[in-house]
Amino acid sequence: MWIFNYLIILCLIVHVFTSDIETLDINEEESFLKSPKYLSNDELGLFFEDQTKKFPTLAKVHNVGTSVNNNTIWALEISKNVGNRSIGVPMFKYVANMHGDETLGRQLLIYLSQYLLENYNVLERITTLVDSVDIFLMPSLNPDGFASSMEGHCDSLNDYVGRSNANGVDLNRDFPDQFKDKTYNEAMFLTRQPETLAIMAWIVNNPFVLSGNIHGGALVASYPYDDSNSGRDCCEESISPDDSIFKDLAATYADHHPIMHKGDGCDNEKFTNGITNGAKWYEVRGGMQDFNYVHSNCFEITFELSCCKYPNSSTLPLEWHNNKLSLISFIESIHLGVKGQVLDENLEGINHAEVIVEGNNKTIYTTERGEYWRLLHPGVYKIYARALGYTQSAPSTITVTKDKTELLNFHLTVSPPSKGN
């Protein structure tokens, strides 16, 4: 009888454990979790090169810039048509380790690259994802800081060595302050750190739609704005025009994380459902999250993934399982809302056309091929397009659901010449 009772208890334990660590498929490939370790920046570059050789049609390595100490800032592109994005396919990015001593995201993105590539044409969900999104993974924006950090240290070292770059600058305070630098111009790029300059150029020169900025030292998904006009250090929301969809996006990550969604942060912090407005938590002036939203089409969420900033490498497999579904589900969120093209009378795309949602003052601009993507919370919207030299379109009413992207194209005609006096 005791054997029967033991088996029942064992089954319950296994059920509880496996319900917290979800899997995508029993056939998934995760052999990369053996012998976990953190890769140095040189090892990271070699690893990405190996990935491109192993998966030449799916992976491409990018040199985004260099650090103060001349270390390369690497990014890996993963896509069905790598290096040749198809019209209508959105661009996504994850950026980690901008604070060099916050290391978990760095290794998770390496694991994510392996998982996506090795499970392509193995798992239907992963194949669909890679076929429909151009994914960019940047494991470290601050390779110099990482090299100065120490594994196992849960807090920053003295004088924030490792957290900052080699010049002692906190990169997440080095972007333009949206309440001081409201207009995009060349002056915004002056006096910035090389790492900041590299990623600012990357952001504004590519039509990224959605982004995750991965940190450590807390456990929460934080959404814009980080900065506020009041100048208070904390505890006051700074609400963006897209507050509803930002909450949806943050919740997508938190809800798929076995711990984050419970709202129990670190050091007795409490976050409802594991998400927070950035400025309500604490104000960040000159942060990357707000720069993405204010100065590009990209919507970015900040993910704090561990109470310990530099956890021991032995914990990496567990942390991968804690974050895997969140990382993948968040990328899939790029398909929320509306997408399409703004076309002229010859069905050619119009570059830098404006796509505007009535009642929302965040303007989305088209690519040189006339493409646009507009992330939106489920609801009914009126959307129109306009461009210099063209007649503004009539508003189109469209219903957005959480299940798919709505397609909405605009056709603009050349404005008639103005009458002379």
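General observations
- Looking across the stretch 142-189 at every residue that is of a type in the set (D, E, K, R), at pLDDT below 95 and under 27 Å from N297 (Cα atoms), the one that is surrounded by the fewest Cβ atoms within 10 Å (Cβ to Cβ) is identified as E186.
For every residue, the table says whether it meets (1) at pLDDT 95 or above; (2) among the polar types (S, T, N, Q).
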site	(1), (2)
T191	no, yes
E195	yes, no
C235	no, no
S244	yes, yes
D248	yes, no
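- Meets criteria (surrounded by fewer than 21 Cβ atoms within 10 Å (Cβ to Cβ) and over 21 Å from F330 (Cβ atoms)) for G100: no
- Filtering S86, S132 for residues that are within 30 Å of R369 (Cα to Cα) and modelled with pLDDT under 95 leaves a single hit, S86.
- Just so you know, in the stretch 381-421 the residues that are part of a loop (DSSP other than H, G, I, E, B), among the charged types (D, E, K, R) and out of contact with any Pro (no Cβ under 7 Å at 6 or more places or on another chain) include one that is farthest from K247 (Cα to Cα), and it is K419.
- Positions within the stretch 96-114 being in contact with a Lys or Arg (Cβ under 6 Å, 6 or more places away or on another chain), farther than 18 Å from Q193 by Cα and of a type in the set (A, V, I, L, M, F, W, C), in sequence order: none
- Just one of the listed residues (A221, A250, A201) is crowded, with 16+ Cβ neighbours inside 10 Å, hydrophobic (A, V, I, L, M, F, W, C) and in a helix (DSSP H, G or I), and it is A250.
- Any chance D226 is in a loop (DSSP other than H, G, I, E, B) and acidic (D, E): yes
- L117 assigned to a helix (DSSP H, G or I), aliphatic (A, V, I, L, M), in contact (Cβ under 8 Å) with a residue 24 or more places away in the chain and buried (at least 23 other Cβ atoms within 10 Å of the Cβ): no
- Test: residue in the stretch 318-329 that is outside any helix (DSSP H, G or I) and either surrounded by 19 or more Cβ atoms within 10 Å (Cβ to Cβ) or within 19 Å of the chain's Cα centre (by Cα) (or both): no
- Between E269, E304, the distinction of being more than 22 Å from E195 (Cβ to Cβ) and out of contact with any Ser or Thr (no Cβ under 6 Å at 6 or more places or on another chain) belongs to E269 only.
- Members of the stretch 357-375 that are outside any strand (DSSP E or B), crowded, with 22+ Cβ neighbours inside 10 Å and in contact with a helix residue (DSSP H, G or I) (Cβ under 8 Å, 6 or more places away or on another chain): L375
The values are calculated or read from the model by the stated rules, or taken from the named source; none is laboratory data. Please read all numbers here as calculations on a predicted model, not as lab measurements. Please note: Cβ atoms are built from the backbone with ideal geometry, for glycine as well, and neighbour counts cover all protein chains shown.
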